[in-house]
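S.K.: If you scroll down you'll find the structure; I have some questions about it.
The values are calculated or read from the model by the stated rules, or taken from the named source; none is laboratory data. In this text, all values refer to a predicted model and were calculated from it rather than measured experimentally. Ideal geometry is used to build each Cβ from the backbone, glycine not excepted, and the neighbour counts take in all protein chains shown. Note: accessible area is taken over every heavy atom of the protein model, side chains too, but ligands, DNA and RNA are not part of it. Shrake-Rupley method; radii C 1.70, N 1.55, O 1.52, S 1.80 Å.
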Amino acid sequence: MNRVQNIKLVLWLITGFAAAVGLLRFIFGLGVTTNLNDMTPWGFWISFDVMAGVALAAGGFVMTAIFYIMKREEFHPLVKPAVLTAFLGYLAVIFGLLFDLGLPWNIWHMIIYWNPHSPLFEVGWCVMLYTAVLLLEFSPVPLEKFSRYAKIRNFLMKFRFPFVLLGIMLSTLHQSSLGSLFLIMPFKLHPLWYSRIIPIQFFISAIALGIMMVALESSVTHWMYRRKPEVNLVAKLGKAAVWVLTLYFVVKMTDIIVSGKLGMIFNGTRESYLFIAELLISVIIPILIFVTPQLRFRPGWQMFGSFMVVFGMVFNRINVGGLTMLSVTGDSYVPSWTEISISVGVVSTAALVFLYVVEKFNIWEKPPENPEESPYAEASFDYSSRVWLGAPRIASLTKYSLAFILSFALGIAIMPQGRLLGKGVEDVTVRKARGNDTLYIDGNHDGYGVTFKHKMHIDSLGGNASCVRCHHMSMPLDKNSGCWECHRKMYSASDAFNHDWHASPNGADIRCRKCHTENKNREISTAKTCTQCHNEMASDSAALVDSKYMAMSYTDAMHMLCVSCHHDKAAENPEKVALAECSTCHETAPPEHLHDLLKWYDKQPSFNRVILPKLKEKEGAI
Amino acid sequence: MSKAILTDITKCIGCLKCVSACKEVNGLQFDIPRKWQKEDGLSARNWTSIIQKPDKHFIRKQCRHCLEPACVTACPVGALHKTELGAVIYDSDKCLGCRYCMMVCPYGIPRYDWDEPVPYIRKCILCYDRIKDGRQPACTEICPEKATIFGERDELIMLARQRISENPGKYIDKIWGEHEIGGTSVLYLSDIDLGFLAYQENMGTMPLPQTTSPAMKAVLPAFVGMGGVMLGLNWIIRRRMELGKKQDEQEDTPNE
């Protein structure tokens, strides 16, 4: 029975970790705790928690349809677990959605503010109603433990059939409407997945996924509690799934062939490989497994086959939900570990509740033996710490709470504090301020900015003759080019020639071959120099070494150009001693351990010297 | 009564005055570069931006205020709303932060307050408060070159046609936003292709809400139909079982 306890321990560890991450998400906002961005506003949470989550919970309506509508009495042992899985699944979807929504406390707004044209409105309403129906369907199970609620239970049992019917009708709607959500994105979703019948595809795949999820859950829980697996029932489910999967495959491929997209499957793009992998995992391999009679009745193969369908269909939802849009939006979204840990945490919380309910109430015809419950069990002894842990029930509770607390603390501890407090400004190179003549430079990467006053600089740098000091390069929009145009990086010498801007379609849009004329290696040595294109523009005073394309780091430039003048002024005028102090410019003075280094640094006139190597700034682009 | 903006790319000199006027009028803060921003310059604190293209081309990007906006159809709580004056405006009190509008916009316009614990959707609202009072948006008012102008949509289209016909060869013979995805209230005249403003260059003329409306119309029939099918199936199966039982009894009796 150790197996159950170990699994629960792991689930508690994950839950504790996710709880810490979830707390930080609400304190600091979505931007810094996730990798979601303006190009990819829906990420892993929507694909996995919501779209895959709803589909995974489809087992509830499929099994009740098989049992109550089609009267297949032999599936009775699987109905209660399926309804429980569905109920917890929908609760997990709603719970997980709270992390993704920007304003989760407004989640109920759909009840009072209506927009019937929106597919998401319909999905939201259906999910709300179906969760309520599932509650009514499931509540007789816990109620039978309490005799004083017998009347309510009898009442609910009487209306069981209408509840089931309503549940099936609602599920039909929102399982398909989750696909309708993407009908309005014909330009973003990849053509291999975009289809006018995507709602139908979603519905059929949800049925297959629901069946296989019930099978997988039966296999896994029976393995966990060392019970005799329901081999024959799962085999029957497998057979049913083969029919549904075949239908899904035929519908999907017919649609692709009719709309003339067949060639896209084999054109070697990333999406084509994703598509082939998805079909192999979710349809072809499981069909092969469950069609073969030798494999269909083996518990191991059953578990593998049903896992393949579950994994493949989740993969499908992730593909539709955003993965195949990345090539259009040009984003490189990868879910952050915080997103993944919250998703996994929601799943393990649901699993813990499932195990609790299975052990407490009559979900299975023969309840599992639970050593934690036995009053006669002996106290256990922990050999590593030489401590008596008390009765198994107390001991396991102690272990679980310890696991939760430890992993919660771990979650808080390993969250990168700099990233959170830097409000997402960390690792951003110095850039031109948008919109105004006044420059705003986030010097310390801490959200504090420096306002750059133009007139003051003209005065201190030498009047009209000093224009070229800043306006020297005749880049496009050169009128108010700033220090950062050359000194792009904070702490290392950087590429003064903005390579990516020249190559990007949004920028100069110059083909590689125009500059890298020799076809050998595309590197600096084989490229044209700036003056070969901007011949009449680059003036002598340009702070650019043509052969290297390198400029001083931002801090170097600031300290060498500004600080020297500050020192001179301070020396001239005793009243202005403060000018030479770091805090004149910096919101916060440099840390003490750098004072000596900085003093030495001020006396060393040299080019391209880098200080503060501790910061994980990458070396300049070249 | 639908108002619109016409931006003539050939006249824009890229002075960014529209950008700073927009910031001032809408009370937007300085934009600190963040990791979640897109390269086009738009952000929660920048509702319009200038995209540079080679050969002194400056293209102002802003919300297109589609005549039949996808975002308005998509919003589950109706927080986005197309007004009679043409502006697509946002009601932050209704919003629940699902970001479906950001997903559906073919131009990728709506932006999010990613750094706020209480975030809202941010985008150009065509200075709705100003145009309601009969004034024009801040960006068109300040433009020194009259490169971006405000007026009745029909009149602006006429004006654009006139400019194309009066200056043969100067413009590409197309008004961006006249028909694409059902037409937009922000129109462009240009001498270079502006397809890059959207996710796909040729989006056709079908308004995006029409892609979902067949599915939404099928909702009620599907709901009732599924109920009917299930009830019918249940009836047939029960009937069969009853008949089967009777047959069993009939077969059983002679044996006894």
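S.K.: Do you know which residues across the stretch B:66-89 are facing another protein chain (nearest Cβ under 10 Å) and among the hydrophobic types (A, V, I, L, M, F, W, C)?
M.R.: B:A70, B:C71, B:V72, B:A74, B:C75, B:V77, B:A79, B:L80
S.K.: Still on this structure: For the stretch B:114-123, what are the residues that are more than 7 Å from chain A (Cβ to nearest Cβ), in a loop (DSSP other than H, G, I, E, B) and open to solvent by less than 20 Å² (accessible area, probe 1.4 Å)?
M.R.: B:K123
S.K.: Another question, then. Tell me which residues, restricted to the stretch A:283-328, are among the hydrophobic types (A, V, I, L, M, F, W, C) and touching a Pro at 6+ places or on another chain (Cβ under 8 Å).
M.R.: Within the stretch A:283-328, A:M308, A:V309 qualify.
S.K.: Report every pair of residues separated by at least 6 positions or lying on different chains whose Cβ atoms are under 8 Å apart, first residue within the stretch B:134-161 and touching a residue at least 40 places away in the same chain (Cβ under 8 Å) and open to solvent by 20 Å² or more (accessible area, probe 1.4 Å), second assigned to a helix (DSSP H, G or I) and of a type in the set (V, I, T).
M.R.: B:I149/B:T140; B:F150/B:I131; B:F150/B:T140
S.K.: Let me ask something else. Out of everything in the stretch B:188-217 that is free of Cβ contacts under 8 Å to residues at least 60 places away in the same chain, more than 10 Å from chain A (Cβ to nearest Cβ) and more than 21 Å from A:T329 (Cα to Cα), what residue ends up being least open to solvent (accessible area, probe 1.4 Å)?
M.R.: Top of the filtered list is B:T205.
S.K.: Out of A:M128, A:M169, I need the residue that is free of Cβ contacts under 8 Å to residues at least 24 places away in the same chain, within 14 Å of chain B (Cβ to nearest Cβ) and closer than 17 Å to A:V83 by Cβ. Which one?
M.R.: Selected residue: A:M169, the only one of A:M128, A:M169 that is free of Cβ contacts under 8 Å to residues at least 24 places away in the same chain, within 14 Å of chain B (Cβ to nearest Cβ) and closer than 17 Å to A:V83 by Cβ.
S.K.: For the stretch A:95-134, what are the residues that are open to solvent by 20 Å² or more (accessible area, probe 1.4 Å) and small (G, A, S)?
M.R.: Result: A:A132, single match.
S.K.: Condition first: open to solvent by less than 60 Å² (accessible area, probe 1.4 Å), free of Cβ contacts under 8 Å to residues at least 40 places away in the same chain and not in a loop (DSSP other than H, G, I, E, B). Now tell me which residues in the stretch B:162-187 satisfy that.
M.R.: B:I164, B:W176, B:E180
S.K.: For the list (1) closer than 30 Å to B:C105 by Cα; (2) more than 8 Å from chain A (Cβ to nearest Cβ); (3) assigned to a helix (DSSP H, G or I), I need the number of the one condition that B:V229 fails.
M.R.: (1)
S.K.: Can you report the number of residues in the stretch B:10-36 which are open to solvent by less than 40 Å² (accessible area, probe 1.4 Å), modelled with pLDDT of 80 or more and either in a loop (DSSP other than H, G, I, E, B) or of a type in the set (K, R) (or both)?
M.R.: Number satisfying all stated conditions: 4.
S.K.: Of all residues in the stretch B:90-108, count the ones that are over 11 Å from the mean Cα position of the chain (by Cα) and more than 8 Å from chain A (Cβ to nearest Cβ).
M.R.: 4
S.K.: Given the criteria more than 16 Å from B:I125 (Cβ to Cβ) and among the basic types (K, R), does B:K38 qualify?
M.R.: In short, yes.
S.K.: Among the residues of the stretch B:44-63, write down those that are facing another protein chain (nearest Cβ under 7 Å) and more than 21 Å from A:D500 (Cα to Cα).
M.R.: Within the stretch B:44-63, just B:N46 meets the criteria.
S.K.: Same structure, new question: Here are some residues: B:L220, B:L243. Which one is more than 11 Å from chain A (Cβ to nearest Cβ) and modelled with pLDDT under 95?
M.R.: B:L243
S.K.: Scan the stretch B:218-232 residue by residue and report those that are under 20 Å from A:L178 (Cα atoms) and surrounded by 14 or more Cβ atoms within 10 Å (Cβ to Cβ).
M.R.: Of everything in the stretch B:218-232, those that are under 20 Å from A:L178 (Cα atoms) and surrounded by 14 or more Cβ atoms within 10 Å (Cβ to Cβ) turn out to be B:A218, B:V219, B:A222, B:F223, B:M226, B:G227.
S.K.: Mind counting the residues in the stretch A:186-235 that are within 14 Å of another protein chain (Cβ to nearest Cβ) and not in a loop (DSSP other than H, G, I, E, B)?
M.R.: 9
S.K.: Looking at A:P142, A:P119, can you tell me which residue is touching a residue at least 24 places away in the same chain (Cβ under 8 Å) and within 14 Å of chain B (Cβ to nearest Cβ)?
M.R.: Working: A:P142 fails: within 14 Å of chain B (Cβ to nearest Cβ).
Selected residue: A:P119, the only one of A:P142, A:P119 that is touching a residue at least 24 places away in the same chain (Cβ under 8 Å) and within 14 Å of chain B (Cβ to nearest Cβ).
S.K.: What number of residues in the stretch B:70-93 are in contact (Cβ under 8 Å) with a residue 60 or more places away in the chain and in a loop (DSSP other than H, G, I, E, B)?
M.R.: Within the stretch B:70-93, residues that are in contact (Cβ under 8 Å) with a residue 60 or more places away in the chain and in a loop (DSSP other than H, G, I, E, B) number 4.
Condition check ((1) β-branched (V, I, T); (2) surrounded by 16 or more Cβ atoms within 10 Å (Cβ to Cβ); (3) more than 14 Å from chain B (Cβ to nearest Cβ); (4) in contact (Cβ under 8 Å) with a residue 12 or more places away in the chain) across all residues:
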{"position": "A:I281", "(1), (2), (3), (4)": "yes, yes, yes, yes"}
{"position": "A:I287", "(1), (2), (3), (4)": "yes, yes, yes, yes"}
{"position": "A:G305", "(1), (2), (3), (4)": "no, yes, yes, yes"}
{"position": "A:V310", "(1), (2), (3), (4)": "yes, yes, yes, yes"}
{"position": "A:T338", "(1), (2), (3), (4)": "yes, yes, no, yes"}
{"position": "A:V346", "(1), (2), (3), (4)": "yes, yes, yes, yes"}
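Results for (1) of a type in the set (A, V, I, L, M, F, W, C); (2) within 30 Å of A:T34 (Cβ to Cβ); (3) within 13 Å of chain B (Cβ to nearest Cβ); (4) under 33 Å from the mean Cα position of the chain (by Cα), shown as yes or no for each residue.
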position	(1), (2), (3), (4)
A:G59	no, yes, no, yes
A:V62	yes, no, yes, yes
A:I66	yes, no, yes, no
A:R72	no, no, yes, no
A:H76	no, no, no, no
A:A82	yes, no, no, yes
A:L88	yes, yes, no, yes
A:L98	yes, yes, yes, yes
A:G102	no, yes, yes, yes
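S.K.: So is A:T33 hydroxyl-bearing (S, T, Y), more than 8 Å from chain B (Cβ to nearest Cβ), open to solvent by less than 50 Å² (accessible area, probe 1.4 Å) and within 25 Å of the chain's Cα centre (by Cα) or not?
M.R.: Yes, satisfied.
S.K.: Right, something else. Since B:R111 meets every condition but one in (1) at the interface with another protein chain (Cβ under 7 Å from one of its Cβ atoms); (2) out of contact with any strand residue (DSSP E or B) (no Cβ under 7 Å at 6 or more places or on another chain), which condition does it not meet?
M.R.: (2)
S.K.: Moving on. More than 10 Å from chain B (Cβ to nearest Cβ), open to solvent by 30 Å² or more (accessible area, probe 1.4 Å) and within 30 Å of A:L402 (Cα to Cα), is that true of A:F17?
M.R.: yes
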